[in-house]
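Notes follow the structure.
The values are calculated or read from the model by the stated rules, or taken from the named source; none is laboratory data. Since the structure is predicted, the reported quantities are computational estimates derived from the model, not experimental observations. Cβ coordinates were reconstructed from backbone atoms using ideal geometry, including for glycine residues, and neighbour counts include every protein chain displayed.
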Amino acid sequence: MKLDIPCSTKIIACMVFQPEINALGVDDDRVIYLEQSLHRYPDMLNQSVRKALSGLEKNLSIDTAILLFGYCGGGLSGISSDRLKLIVPRVHDCIPLLLSGACLEKDCREGSHAFYLSPGWIDHGESPYTEFFKSAARYGREDALWIAGEMLKGYKEIILVEALAPVQSHHRSYAKDMAALFHLGFREIKTSGSWLTDILSEKQACPEYKWVLSPGEMVSKEIYPLP
């Protein structure tokens, strides 16, 4: 599937979406990727998005920026552009965008007990699994397991999500190994990725899950649904 992005539109996206964006045939030069680790530091994410927007504002051939992030604990709070129209998903994190309609069903209702992974999260992100290996090198295996266990407290399973981009063998091995290490269940789900597609194509198919801000309008917590 080839998704045609208008020449006047640029995407600023979390790196976890790179596989899905690539699967839609969007050229890399249309996207500014930011590191997934920034979601842990909302102030740094905010600064990075502002810097990327500032660069786009200088390019007069660009009139629209799609910010492919959740609210991320306030990471997009106060973001605005004097010149550009902004398109922002009305979600608190990236998982609903990967789940699309599935998040209205069982997987969303049980989401508080599931730790979600995707190809992009595994390839470009951090998780309690990656933190385990870092901690083990510093503190030893036993303490590392305790630290990771605290991070995963309340979770019952690992769910590997395939949305647009295929799950490869190393993704499946990573997710299964993580589940086994922390004594969690494991399953895979496949979704349509329709919300990502609609947002990137600027369609109006799911306006309740995105917000279009005119130049000068500011991202605020009030535009997001209650968590």
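You will find that of Arg172, Arg141, the residue that is under 22 Å from Met15 (Cβ atoms), out of contact with any strand residue (DSSP E or B) (no Cβ under 6 Å at 6 or more places or on another chain) and modelled with pLDDT of 90 or more is Arg172 and no other. Among the residues of the stretch 56-102, those identified as over 21 Å from Ile21 (Cα atoms) and modelled with pLDDT of 90 or more are Glu57, Lys58, Asn59, Leu60, Ser61, Gly78, Ile79, Ser80, Ser81, Asp82, Arg83, Leu84. Going through (1) under 16 Å from Trp121 (Cα atoms); (2) buried (at least 19 other Cβ atoms within 10 Å of the Cβ); (3) small (Gly, Ala, Ser) one by one, Ala148 falls short only on (1). When His171 is tested against the conditions (1) over 22 Å from Leu84 (Cβ atoms); (2) surrounded by fewer than 19 Cβ atoms within 10 Å (Cβ to Cβ), the lone failure is (2).
Taking the stretch 174-204 as the range and being buried (at least 18 other Cβ atoms within 10 Å of the Cβ) and at positive phi as the test, only Gly193 passes.
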